[in-house]
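Read through the structure below, which is laid out as structure tokens, and then see the notes.
Every number here is computed from the coordinates shown, using simple stated rules; none is lab data. Everything quoted here is computed from the prediction, not taken from an experiment.
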Amino acid sequence: MGDTAADAGNDWLDLCVDEVGQWAEITALALVTTRIRAVERDSAFTARLRTVRLGASQLSLARYGALLSQRTPRLIR
């Protein structure tokens, strides 16, 4: 995710991780709480989250390896 003209003047938060547990923590804080586990346990996992506040809204760009994500009713509450 390279810099673009849209990036100019905005304060992007840019986070990169290499563990599924870290990714679960980051997405819980920045987006929503989700139960996450890697699909391919023998392969390296990498993920990146870029986010910026746009007034009352937030724009998030996420890139990550293969994973299973589950939102249970308890996590939604």
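Compute the relative contact order of segment 30-76 as a whole-number percentage, counting only Cα pairs closer than 8 Å that sit 6 or more residues apart in sequence.
48
Seen against the Cα atoms of the chain and their longest principal axis, helix 20-30 is set at about 50 degrees. Shown here: percent of Cα pairs over 19 Å apart, derived from the displayed model; of the candidates [x] 34; [y] 42; [z] 39, it corresponds to [y].
For segment 35-48, the Karplus equation 6.51 cos²θ - 1.76 cosθ + 1.60, evaluated at θ = phi - 60°, returns couplings of 7, 10, 8, 6, 7, 9, 5, 7, 9, 5, 10, 9, 8, 9 Hz by residue, with Gly and Pro reported as x.
Taking amide hydrogens as placed 1.01 Å from N in the peptide plane, the amide H of residue 67 sits under 5 Å from those of 39, each at least 5 positions away in sequence or on another chain.
Remark: segment 49-57, residue by residue, has Karplus-estimated 3J(HN,Hα) of 10, 10, 9, 8, 7, 10, x, 7, 10 Hz, where x stands for each Gly or Pro and the curve is 6.51 cos²θ - 1.76 cosθ + 1.60 at θ = phi - 60°.
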